[in-house]
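Trainee: Starting off with a structure, shown below.
The values are calculated or read from the model by the stated rules, or taken from the named source; none is laboratory data. Computed from a prediction, not measured in an experiment: that's the story for all the values here. Counting neighbours? That spans all protein chains shown, and the Cβs are built from the backbone with ideal geometry, glycine included. We work out accessible area using only protein heavy atoms, side chains counted, and drop any ligands, DNA or RNA first. Shrake-Rupley method; radii C 1.70, N 1.55, O 1.52, S 1.80 Å.
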Amino acid sequence: MTHPHRTSDTGVRARFLLAAAAWTVLVAAVLVAVPLAFAGRLPDPVASHWGPSGQPDRSMPPAALTLFALVWAVVAGTSLVGLARTRGEIRRATRVWFAAGLGWTAAFLIGVQAVTVAANLGRDDWTRAASPSWEIVVVVGVAFALGALGRLAGRLGSDDAPPERERPGPLIDLDTRKRPVWVSTATAPWAVGLGVVAFAAALSFAAAALLGLAPAGWSTALPLALAAVIGLAVSSVSVRIAPEGLTMAFGPLRWPSRTVRLDRIERAWVEWRSPVQVGGWGVRGLPGRATVMIRGGDCLVVRYTSGGQLAVSVDDAETGAALLNALAARRTA
C-alpha cells in the first residue's frame, strides 16, 4: 500500500528545509563568534549565575559560553534531521510549529549569551560582574517575537494534503466460522534504556539516603523514580484487535490499557507520521484526536463514529486496519 502523502509540492519542502538549515548554521556561527570576539575583555572565569540579591554567585570558564552553540546544534540539528527524514510533504501545521520553535530557541540562547557577556565585559573578576535586570525581560520578549515571526514564515507555501474522506481504508475477507484476532506491538529502545537508567539512579540515591551517605537523596530519588515509570510506560505499546474492538496496552507490564469498542469505530486506515509532526513521543494531542507515538513510521489511524481520531504507531498497521474495517463492515451489515 502506498503512503497517503502528496509529494507534488516538493519545492515547498526543499525551500523550507534549506531555509531551516541555513538558519541553524547562522545561529550556531553567532553563538560561537560572540564569546570569541570578546574573549580578551572577559574575566576568567566569568559570572554565569546571579542570586536573588542580584550578585553573581556562580562562574564558569569563558570557553563554556560556546556551549550555547552546542545546545543549539543538538536541539535544532536533531529536529531538522528528523524532519528531513519524513516522507512526503511537510504539512503546514508542522512547518508552523517547527519554525516557531527555531525562532524562539535561537533568540533565547543568543539573548542569554549576550546578557552574560555584557555583564562580564571589562570586569577584572567575575564577582564584580554587573547585575542584569531589564535585559532579561527584553530577551524573553524578543524570543517570543521571533517565535511569532517563525510561525508566520512556516505558513508560507501550500498545504494540499488530501482530506480524510479521500483515504480509503484497507479491507479483508473474514471467515464467519473463525474468531479473528490481530496483535502487534511497537517498542522504543531509547525509552526502555532511559527508564532503566533512571530507575537504577533512583535506587542508588535511595540507598545512599538510607545509609546516611546522602540525607537529601530522597529529593532526587523520587523524581528519578517518576521519570523511570513514565519512560517505561511509553517505551512500548501493544495493540489487539478482536470482534469486541481495539485494545491498547502500554509498557512492559501491559498496563495501563484502554479499549475502544467496535461500535464506536467507523473505519481505519494507515498513515505515516513522525514525532516532529505530532509534537514528540508518548501520548500526544487531546482526547478525541490523540496520537500514541512510540516510533516514527506507519500508524494505525482509527476514526470514531463521533468524528474523533486515534492514531497508534504499531508494526504491520495495514493488517490491523484491514481487520478493523472488515469487523466494522460485518457489524453494520
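Trainee: Enumerate the pairs (first residue in the stretch 10-31 and touching a residue at least 12 places away in the same chain (Cβ under 8 Å) and at negative phi; second residue anywhere and part of a helix (DSSP H, G or I) and of a type in the set (Val, Ile, Thr)) with beta-carbon separation below 9 Å, excluding pairs fewer than 6 apart on the same chain, so at least 6 apart or on different chains.
Mentor: Val27/Thr105; Val27/Ile110; Val30/Ile110; Leu31/Thr66; Leu31/Val71; Leu31/Ile110
Trainee: So how many residues does the stretch 274-304 have that are modelled with pLDDT under 85, in a strand (DSSP E or B) and in contact with a Gly (Cβ under 7 Å, 6 or more places away or on another chain)?
Mentor: 1
Trainee: Still on this structure: Within the stretch 180-194, restricting attention to residues that are more than 25 Å from Glu266 (Cβ to Cβ) and among the small types (Gly, Ala, Ser), which residue is most open to solvent (accessible area, probe 1.4 Å)?
Mentor: Result: Gly193.
Trainee: Does Arg330 satisfy being of a type in the set (D, E, K, R), touching a strand residue (DSSP E or B) at 6+ places or on another chain (Cβ under 8 Å), modelled with pLDDT under 90 and open to solvent by 60 Å² or more (accessible area, probe 1.4 Å)?
Mentor: No, not satisfied.
Trainee: Which residues, counting only those in the stretch 270-289, are in contact with a helix residue (DSSP H, G or I) (Cβ under 6 Å, 6 or more places away or on another chain) and under 21 Å from Ala191 (Cα atoms)?
Mentor: Val276, Gln277, Trp281, Arg284 - these are the residues of the stretch 270-289 that are in contact with a helix residue (DSSP H, G or I) (Cβ under 6 Å, 6 or more places away or on another chain) and under 21 Å from Ala191 (Cα atoms).
Trainee: Somewhere in the stretch 257-269, is a residue closer than 22 Å to Thr187 by Cα, in a helix (DSSP H, G or I) and either more than 20 Å from the chain's Cα centre (by Cα) or not charged (D, E, K, R) (or both)?
Mentor: If we filter the stretch 257-269 for residues that are closer than 22 Å to Thr187 by Cα, which is where we start, we get 257-260, 268-269.
When the remaining residues are screened for being in a helix (DSSP H, G or I), the result is none.
No, that holds for no residue.
Trainee: Now for a separate question. Only residues that are hydroxyl-bearing (Ser, Thr, Tyr) and touching a residue at least 40 places away in the same chain (Cβ under 8 Å): list them for the stretch 40-59, please.
Mentor: The answer is Ser48, Ser59.
Trainee: Which pairs turn up if I take residues in the stretch 260-284 that are of a type in the set (Asp, Glu) and look for partners that are part of a strand (DSSP E or B) and open to solvent by 40 Å² or more (accessible area, probe 1.4 Å) with beta carbon separation below 7 Å, at least 6 apart in sequence or on another chain?
Mentor: From residues that are of a type in the set (Asp, Glu), the pairs are Glu266/Arg303.
Trainee: Taking the stretch 305-319 as the region of interest, how many residues are under 26 Å from the mean Cα position of the chain (by Cα) and outside any loop (DSSP other than H, G, I, E, B)?
Mentor: Qualifying residue count for the region: 7.
Trainee: Something else: Pairs under 7 Å by beta carbon, first residue under 15 Å from Ser313 (Cβ atoms) in the stretch 183-204, partner in a helix (DSSP H, G or I), six or more apart or different chains?
Mentor: Sorted first by the residue in the stretch 183-204, then by its partner, the pairs are Ser184/Gly320; Ala191/Gly231.
Trainee: Being surrounded by 12 or more Cβ atoms within 10 Å (Cβ to Cβ) and over 21 Å from Leu232 (Cβ atoms) is the filter here; which residues of the stretch 195-217 pass it?
Mentor: Ala208, Ala209, Leu210, Ala214, Gly217
Trainee: Look at Gly54 and say whether it is exposed (fewer than 12 other Cβ atoms within 10 Å of the Cβ) and either in contact with a helix residue (DSSP H, G or I) (Cβ under 7 Å, 6 or more places away or on another chain) or at positive phi (or both). So that I can check it myself, show each step before the final result.
Mentor: Values: exposed (fewer than 12 other Cβ atoms within 10 Å of the Cβ): yes; either in contact with a helix residue (DSSP H, G or I) (Cβ under 7 Å, 6 or more places away or on another chain) or at positive phi (or both): yes.
It is true that Gly54 is exposed (fewer than 12 other Cβ atoms within 10 Å of the Cβ) and either in contact with a helix residue (DSSP H, G or I) (Cβ under 7 Å, 6 or more places away or on another chain) or at positive phi (or both).
Trainee: Here's a follow-up. If you take the residues of the stretch 180-214 that are assigned to a loop (DSSP other than H, G, I, E, B) and more than 24 Å from Thr259 (Cα to Cα), which of them is modelled with the highest pLDDT?
Mentor: Restricting to residues being assigned to a loop (DSSP other than H, G, I, E, B) and more than 24 Å from Thr259 (Cα to Cα), the top hit is Leu211.
Trainee: Which of the following residues is among the charged types (D, E, K, R), open to solvent by 80 Å² or more (accessible area, probe 1.4 Å), modelled with pLDDT under 85 and in a loop (DSSP other than H, G, I, E, B): Arg177, Arg123? Let's see the steps before the verdict.
Mentor: On the way: Arg123 fails: modelled with pLDDT under 85.
The match here is Arg177.
Trainee: Turning to a different aspect of this structure: I'd like to verify a number: residues in the stretch 93-120 that are more than 16 Å from Val46 (Cβ to Cβ), among the β-branched types (Val, Ile, Thr) and open to solvent by 20 Å² or more (accessible area, probe 1.4 Å), how many?
Mentor: Counting residues in the stretch 93-120 that are more than 16 Å from Val46 (Cβ to Cβ), among the β-branched types (Val, Ile, Thr) and open to solvent by 20 Å² or more (accessible area, probe 1.4 Å) gives 2.
Trainee: For the stretch 226-237, give me each residue that is without any contact (Cβ under 8 Å) to a residue 60 or more places away in the chain and buried (at least 18 other Cβ atoms within 10 Å of the Cβ). Break it down stepwise before answering.
Mentor: Taking the stretch 226-237 and keeping what is without any contact (Cβ under 8 Å) to a residue 60 or more places away in the chain, we get 226-233, 235-236.
Hits for the stretch 226-237 are Ala228, Gly231, Leu232, Ala233, Ser235, Ser236.
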